Amino acid sequence: MTTVITFGTFDVFHIGHLNILERARALGDKLIVGVSSDALNMRKKGRWPIYRENDRVQIIAGLKCVDEVFLEESLEEKMTYIRQHKAAILVMGDDWQGRFDGCSALCEVVYLERTPSISTTSIIEVVKYL
Ligand code: CTP
């Protein structure tokens, strides 16, 4: 049984999110997703998410490709989460390329290419100026 773990905010859920989760799941037998808490997103991106953390967790948990979801409270705890969930593979988008190479002491670290031309930020910008 190969467990894959990945992390993200997944605010205003879009096709780039679905693509990376499906590709992450295809690397193993079980996919666990750490969804960034509202407070972590504020620290990480300087804004509160549009969707509250409980709704984001529920959306991710409802996907066919996702087996388990938890709330990620701290960016620095990746190693703890990997150990807790006995993950064999850590998947990150290539916007994080190299940032989590330190975790390779614990598991394989795979950076997947982002889906081009879409992000939560760009959706928010478009909607703002409609
Ligand atoms: N992701 C992706 N392709 C995109 C957008 C996101 O593969 N076009 C991936 C990210 O690399 C990450 C996960 O989806 O692994 C969650 O990303 P998140 O930061 O929540 O989404 P973004 O759309 O990048 O959000 P923002 O614009 O707020 O940075």
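Quick note: the coordinates plus some simple rules give every number you see, no bench work behind them. Please read all numbers here as calculations on a predicted model, not as lab measurements. Here the Cβ is made from the backbone with ideal geometry for all residues, glycine too, and neighbour counts use every protein chain on show.
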- In whole Å, what is the distance between the alpha-carbon centres of region 64-79 and region 80-128? 11 Å
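Rounded to the nearest 20 Debye, what is the dipole magnitude of the chain about its Cα centre when Lys and Arg each give +1 and Asp and Glu each give -1 at the C-beta?
Numbers: 16 positive and 18 negative charges, 28 e Å.
In debye, rounded to 20, the chain gives about 140.
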- Sorted peptide list for 28-34, 98-104, criterion being average Cβ within 10 angstrom, highest first: 28-34, 98-104
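Could you work out [θ]222 nm for the chain from helices alone, using -39500 (n - 2.57) per DSSP H run of at least four and dividing by all its residues? Round to the nearest 500 deg cm²/dmol.
Numbers: 5 runs with 44 residues, N = 130.
That comes out to -9500 deg cm²/dmol.
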- Task: With N set to the residue count of the chain, report its C-alpha Rg divided by 2.2 N^0.38 Å to two decimal places.
- Result: 1.01
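At R0 = 25 Å, how high is the FRET efficiency between V127 and D95 if r is their beta carbon distance? Nearest 0.05 is fine. Don't jump to the answer; show the numbers that get you there.
Details: r = 22 Å, r/R0 = 0.86.
Once rounded, the FRET efficiency stands at 0.70.
Which three semi-axes in whole Å describe the equivalent ellipsoid of region 1-48, each the square root of 5 times a Cα gyration tensor eigenvalue, listed largest first?
Values: eigenvalues 111, 31, 7 Å².
Semi-axis lengths for region 1-48 are 24, 12, 6 Å.
Which whole-number percent gives the relative contact order of region 60-130, counting Cα pairs below 8 Å spaced six or more residues apart?
Relative CO of region 60-130 lands at 24 percent.
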- Query: Rounded if a/c is under 1.5, else prolate if a/b is larger than b/c, else oblate: which is region 38-91, with a ≥ b ≥ c the root eigenvalues of its Cα gyration tensor?
  - Reply: oblate
- Item | In the chain, lysine pairs with alpha-carbon atoms under 23 angstrom apart (chain gap of 8 or more, or interchain) | 9
